[in-house]
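Below is one structure, written out as structure tokens; comments come after it.
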Amino acid sequence: MKVSKKYLSIFCSLMLAAAMTSCGGSDSTNENNENTEATEQTSETSELTSKQKRQIKSLEVELEKINKQLPMNMGNGLKMQKMELKDGYVITTASYPQNSDMQVDDSPENKRAILDAANQASLKRFKDLGLGLKYIYVEDGTGKTSEIVITNEEM
């Protein structure tokens, strides 16, 4: 099975959209609209406002709900396995069949395609919270991993 770069870009954005809409959202969306300052966040050194801490907690609750629905078949053998908030990133882990012709493209062009296809409200929410996106692809049976990392600054 050969997975094209375009399909992989669409898959990444669909994973984000499916995950963030499967919970029906939360009241933190209104808080995000009020938050006009983007916060530069590193995993250990930055201070978050109390409002941002509440928003992060809300996001963690949403991700817990999503994880209860996983694994989720995303087509072409790809399965979303888990989502988590770690080290300043919303991390989505997916698996794919062993010996497939999976090609993970971490190029700036592919990252832009992922962002262009993604839910803009979710992206704004993550950006306002100083979060980036990380997609981890794990080959079944081998544990071989590939990543696409989109920093907060790239969003």
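The table below lists the values:
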{"read-out": "Cubic angstrom per residue, convex hull over Cα atoms of region 64-114", "value": "112"}
{"read-out": "Whole-percent carbon and sulfur share, accessible surface of region 45-89, 1.4 Å", "value": "48"}
{"read-out": "Largest to smallest accessible area among Asp87, Asp140, Asp128 [probe 1.4 Å]", "value": "Asp87, Asp140, Asp128"}
{"read-out": "From phi via Karplus (6.51, -1.76, 1.60), per-residue ³J(HN,Hα) for region 137-154 in Hz, x at Gly/Pro", "value": "10, 10, 6, 4, x, 10, x, 4, 10, 9, 10, 10, 10, 10, 6, 4, 5, 7"}
{"read-out": "Heavy atoms of Lys134 accessible to a 1.4 Å probe, total area in Å² rounded to 10", "value": "40"}
{"read-out": "J(HN,Hα) series, region 55-68, from Karplus relation 6.51 cos²θ - 1.76 cosθ + 1.60, nearest Hz, glycine and proline x", "value": "5, 5, 4, 4, 5, 4, 5, 4, 5, 4, 5, 4, 4, 5"}
{"read-out": "Asn67-Glu153 pseudo-label distance in nm [points 7 Å out on the Cα-to-Cβ vector]", "value": "3.0"}
{"read-out": "Length added when fully stretched, Lys124-Ser107, from 0.36 nm per residue minus Cα-Cα", "value": "4.0 nm"}
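The values are calculated or read from the model by the stated rules, or taken from the named source; none is laboratory data. Keep in mind that this is a model prediction, so the values were computed, not measured. Because the Cβ atoms are built from the backbone with ideal geometry, glycine has one as well, and the counts that use them run over all protein chains shown. When the accessible area is computed, the model is the full protein with side chains, heavy atoms only, and any ligands, DNA or RNA have been set aside. Shrake-Rupley method; radii C 1.70, N 1.55, O 1.52, S 1.80 Å.
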